[in-house]
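Below is one structure, written out as structure tokens; comments come after it.
The values are calculated or read from the model by the stated rules, or taken from the named source; none is laboratory data. Since the model is a prediction, treat every value here as computed from it, not as a measurement. Reconstructed Cβ throughout: ideal geometry from the backbone, glycine too, with neighbour counts over all protein chains shown. The protein model used for the area step is the full one, side chains on, heavy atoms only, and it has no ligands, DNA or RNA in it. Shrake-Rupley method; radii C 1.70, N 1.55, O 1.52, S 1.80 Å.
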Amino acid sequence: MSNLNQFIQSLPNTELALKLGVYENSIHFAHDTWVFMIQGSEQDYLIAAGPYASKFEGDAFVSNQIQAVKAPLSHHNGKVLRELFPFTKPIPVLQAERSFGLGDRLGIAGPGHLRVFKEYDAYPILAQQSIRELNLTNRTYSDVLDAASFAVFKEGYHDGFGADGDHLKKPEDIEYALGLGFTMITLDCSDHIRNDISNMSAKEVDENCTLSGVLKERYLNKNFEIEGMSVTFDEEELKRNVLVYGKAIEFAASIYQTYFIEKKANANFEISIDETATPTTPTQHFFVANELTLKGVKLDTMAPRFCGEFQKGVDYIGDVKQFEEELKIHAAIARKFGYKLSIHSGSDKFSIFSLVGKYTKGHFHVKTAGTNWLEAMRAVAASNPSLYRAIHKYALSMFPEAQKFYHVTTDLNKIPNIDTLKDEELVNLFKQNDARQLIHITYGFILNHQNEQGEFVFKNKLYQLWRENASVYSDMLYEHIGKHLQLLYQGFLV
Ligand code: ZN
């Protein structure tokens, strides 16, 4: 079985196999078994031949006395692939200097993403979804993981990737993700963070919190020096910290002890405190990090909420100078406690990426999600204007409903009326923030929209279009995600 050409020649549909079908980079050999991916008319398949082939489920066939299996891209076959080719299995990557999260909600962005990461040393987290994203896209963590495994196999990407159970809040969700082999958990502490404290008067704070002697001893009348900057606490500040973050710290510590301590899980641990009403001040960041460290928690990354606004799918909104000043301290705090800063809602934050690269000294984790969906929709606008127009109008009708779930400042009046736009102008909508946010936050509605017969109105047409125009989408991602990395690297490569 060492002669692959002979084998491919022997396939029943030789023409297709040779001229159209075989993804060149997917040809792999292990344990005397050849496996590669071919392009079917409706979907891709694995072809396996050799002793391991029978482990795949699918249609067995014999050609030129060679036993082979044509195997669909199912979860079972994903598992077999991961056993046979370890590079298709996610690994923990946050300990590396740079990592980058790519929420691929559609399960089709892998090829475009991997073209970028063949050029940068940051590790991609190809699988990264929150439970909300799973619900809105009708996917499972198995689907998300399999899509990543099949993508690295197809592209012949052997350098390693991560899988992030993003913004998880419940132990059962953490167990679900870890059980499937996810290699990162982002613990969302927002349910345990009190948002009402910032409105409390000093007197109310005082009445609501009694500081223990240990805490007073630990923080009051102290000057914590971090890279020449200082963090100090007065009594009121300390009390506010305890009230806002006390429960979240206990929650994070208990999750860590249950799942991560002493390398229980082969996975990275991130905590996110970004989904809060007010930005995380450097003092608050220090307090949370210090308390967690004293409880023995070892973080790989932490996501504070930075000043300004990190709205979905658009550039940073806010005072860049202030962001820079605060980032400097946040990055120093992260270094002191031995973890990386994690930048959430990192899609399209072009005006601050080089600052992130600079002040983290090239040690960062950045997460993107929605922008990958937006590029997919830009591909639709470019390839099928009439389908795009229908979706755009539907999105407008669903916007009021979608807006309830997001903090965005979208002004629909600023979006050009698409009836006045020529087909070739539709892609320009993706340069306009309000139109971007319109399409961004309605993704669940668009994908799930069904007619009275219960058939999807857009979903199947969209997937077909993305399949037929795979190279358009891949080119768009290569350029767009590439721009994220380019700016991040610009910050520390001087
Ligand atoms: Zn977040």
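Overview of results
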quantity	calculated
Cβ-derived FRET efficiency at R0 41 Å, Asp475 paired with Asn195, nearest 0.05	0.45
Solvent exposure ordering (accessible area, 1.4 Å, most first) of Trp466, Trp34	Trp34, Trp466
Share of carbon and sulfur in the accessible heavy-atom surface of the chain [1.4 Å probe, %]	48 percent
Solvent exposure of the stretch 417-494 as accessible area per residue, Å², 1.4 Å probe	51 Å²
Protection proxy ranking, peptides 198-206, 185-193, average beta carbon neighbours within 10 Å, highest first	185-193, 198-206
Full-stretch length increase - Glu425, Asn64 - with 0.36 nm per residue and alpha-carbon distance subtracted	124.6 nm
The stretch 76-122: C-alpha gyration tensor shape, a/c 1.5 cut-off, then a/b vs b/c	oblate
Cα gyration tensor, the chain - rounded (a/c under 1.5), prolate or oblate	prolate
Where Ile27, Ile446 fall by accessible area, highest first, once all protein chains stay in place (1.4 Å)	Ile27, Ile446
